[in-house]
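Step one of this worksheet: look at the structure below.
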Amino acid sequence: MNIAIIGAGLIGKKRAQAFKEIRGVRFSGAYDIDKTRMKALVLEFGGKAYKSWGKTVSDKQVDAVVVATSHGWLSPIALEAVKNKKHVLIEKPGAIRAKELKVVLAVARKNHVAARVGYNHRFHPAVTKAHSLLKQGAVGTLLYARGVYGHGGRKGYDKEWRADPKRSGGGELMDQGSHLIDLFQYFFSEPQLKFARLKTYFWKMPVEDNAFMVLENNVGQLGFLHASWTQWKNIFSFEIFGTRGAVVIRGLGGSYGPESLTLYVRPSEGGVPREKFWSWEGTDESFLLETREFLRTVRNTADRYRGIKDAIRNLEIIGSAYRMK
């Protein structure tokens with residue numbers, strides 16, 4: 001399979017590295033508006049430096065395209081890719097508005113190509129282990145979840161593209177908040193937005209630097225979610241509570257701290273819960289695992305659009321939050 005990368009930044013490079021690990025993948029090349037960055041990616045992974053993203057998606061030698069640009073360009077490029085009958089892996093959130101991603105899905109279906117939005121956190125080992133435990137009934141009937149995800153930005157953060165609503169579509173809700181929504185979708189089902197408050201507390205920018213949300217599904221399971229750009233010490237935490245216990249995920253590696261999972265099981269008579277602890281160190285393989293899943297949907301048409309459907313619902317929730325703020 002011949003792969004092209006559009007967007008040669010940090011995430012584009014991580015996606016390229018993941019594809020490099022898989023046998024049978026060849027790099028056709030890359031495109032980025034930053035020519036230096038584009039040439040560096042091509043030098044490392046092979047292929048050619050394209051003159052435009054349009055020429056990239058229309059190249060007949062290309063089988064699949066990775067779109068890892070700023071948010072405003074994700075769906076326009078992805079749409080042209082599927083129109084040209086390319087399989088496409090789109091970096092999250094996949095679009096600025098849900099209706100844009102729905103068009104991508106419709107054309108992908110028509111042209112019989114795979115389309116997936118990349119939410120790599122589902123493939124972190126603590127998350128996949130927690131999902132397996134919950135499916136086995138380790139904590140009983142699920143009740144609610146609580147998630148916190150944040151960092152403190154950096155010097156000049158208010159001047160970066162994420163602070164420009166025309167390029168980003170929004171602030172921290174679109175950035176890390178979308179990951180929290182996706183994880184609630186992963187562990188629970190069909191959430192609706194019940195409450196949202198979006199605030200700009202610190203950064204001088206026209207988008208929110210904090211997002212507070214409450215989600216609820218049709219069986220009354222709740223998600224209390226907070227995404228923050230004023231979390232001065234990076235944090236990732238996702239907790240899920242059930243009738244017989246809880247699972248607690250902490251960290252993502254790197255600046256977010258060691259990745260770990262703790263299972264708490266409540267004794268039938270009450271009292272101090274029993275604990276079991278797992279931790280993971282080393283290289284983040286979530287992008288590689290997600291890439292393998294993407295390639296599986298290329299080969300297997302049975303459920304190839306499940307991921308993009310979740311991403312559309314995610315954007316519908318985000319849209320509701322911006323209207324509610």
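The values are calculated or read from the model by the stated rules, or taken from the named source; none is laboratory data. Owing to the predicted nature of the structure, the values given are computational and were not obtained by experimental measurement. Every residue, glycine as well, gets a Cβ built from its backbone with ideal geometry; the counts of neighbours run over all protein chains shown.
For Pro165, the criteria (1) out of contact with any Pro (no Cβ under 9 Å at 6 or more places or on another chain); (2) touching a residue at least 40 places away in the same chain (Cβ under 8 Å); (3) under 17 Å from Met205 (Cα atoms) hold in every case but one, which is (1). Hey, can you tell me all the residues within region 80-95 that are over 19 Å from Asn120 (Cβ atoms) and buried (at least 24 other Cβ atoms within 10 Å of the Cβ)? Selection gives Ala81, Val82, Lys86.
Of Val107, Val62, Val88, all but one fail to be on the phi < 0 side of the Ramachandran plot, in a strand (DSSP E or B) and touching a residue at least 12 places away in the same chain (Cβ under 8 Å); the exception is Val88.
Got a sec? Which strands (runs of 3 or more DSSP E) wholly within region 237-319 have at least 3 residues that are touching an Asp or Glu at 6+ places or on another chain (Cβ under 9 Å) and not hydroxyl-bearing (Ser, Thr, Tyr)? Filter on region 237-319 gives 245-250, 259-265. For region 170-222, filtering for residues that are of a type in the set (Phe, Trp, Tyr) and either within 16 Å of Ala321 (Cα to Cα) or part of a helix (DSSP H, G or I) (or both) leaves 5. If I go through region 279-307 residue by residue, how many of them are in contact with a Gly (Cβ under 7 Å, 6 or more places away or on another chain) and closer than 16 Å to His179 by Cα? Residues flagged as in contact with a Gly (Cβ under 7 Å, 6 or more places away or on another chain) and closer than 16 Å to His179 by Cα within region 279-307 amount to 1.
If I ask for residues that are of a type in the set (D, E, K, R), closer than 23 Å to Gly223 by Cα and outside any helix (DSSP H, G or I), which ones from region 129-169 would you list?
Narrowing region 129-169 to residues of a type in the set (D, E, K, R): 129, 135, 146, 154-155, 158-160, 162, 164, 166-167.
With closer than 23 Å to Gly223 by Cα added as a condition, the list becomes 129, 135, 146.
Hit for region 129-169 is Arg146, nothing else.
Can you pull out every residue in region 122-177 that is among the hydroxyl-bearing types (Ser, Thr, Tyr) and closer than 30 Å to Gly245 by Cβ? Selection gives Thr128, Ser132, Thr141, Tyr144, Tyr149. Residues in region 275-298 that are loosely packed, with under 11 Cβ neighbours inside 10 Å, at pLDDT 90 or above and not aromatic (Phe, Trp, Tyr): 1 in all.
It is to be established whether one or more residues within region 171-185 are surrounded by fewer than 20 Cβ atoms within 10 Å (Cβ to Cβ) and among the β-branched types (Val, Ile, Thr). No, region 171-185 contains no residue that is surrounded by fewer than 20 Cβ atoms within 10 Å (Cβ to Cβ) and among the β-branched types (Val, Ile, Thr). Applying the selection to region 216-245, what residues are within 18 Å of the chain's Cα centre (by Cα) and either farther than 27 Å from Pro273 by Cα or not assigned by TED's automatic domain parsing to the domain that holds Pro267 (or both)? Result: Ala227, Ser228, Trp229, Asn234.
Based on this model, can you work out whether Met38 counts as without any contact (Cβ under 8 Å) to a residue 60 or more places away in the chain and either more than 12 Å from Val67 (Cα to Cα) or in the same structural domain as Glu80 (by TED's automatic domain parsing) (or both)? Steps first, answer last, please.
Working: without any contact (Cβ under 8 Å) to a residue 60 or more places away in the chain: yes; either more than 12 Å from Val67 (Cα to Cα) or in the same structural domain as Glu80 (by TED's automatic domain parsing) (or both): yes.
So Met38 fits the description; yes.
Within the set Val103, Val139, Val107, the sole residue that is of a type in the set (A, V, I, L, M) and either assigned by TED's automatic domain parsing to the domain that holds Gly257 or touching a His at 6+ places or on another chain (Cβ under 9 Å) (or both) turns out to be Val139.
With the structure loaded, tell me whether Ala8 is touching a residue at least 24 places away in the same chain (Cβ under 8 Å), of a type in the set (A, V, I, L, M, F, W, C) and in a helix (DSSP H, G or I) or whether it fails that test.
Details: touching a residue at least 24 places away in the same chain (Cβ under 8 Å): yes; of a type in the set (A, V, I, L, M, F, W, C): yes; in a helix (DSSP H, G or I): no.
Criteria not met by Ala8.
For Val248, the conditions (1) surrounded by 16 or more Cβ atoms within 10 Å (Cβ to Cβ); (2) in contact with a Pro (Cβ under 8 Å, 6 or more places away or on another chain); (3) free of Cβ contacts under 8 Å to residues at least 60 places away in the same chain are fulfilled apart from (2).
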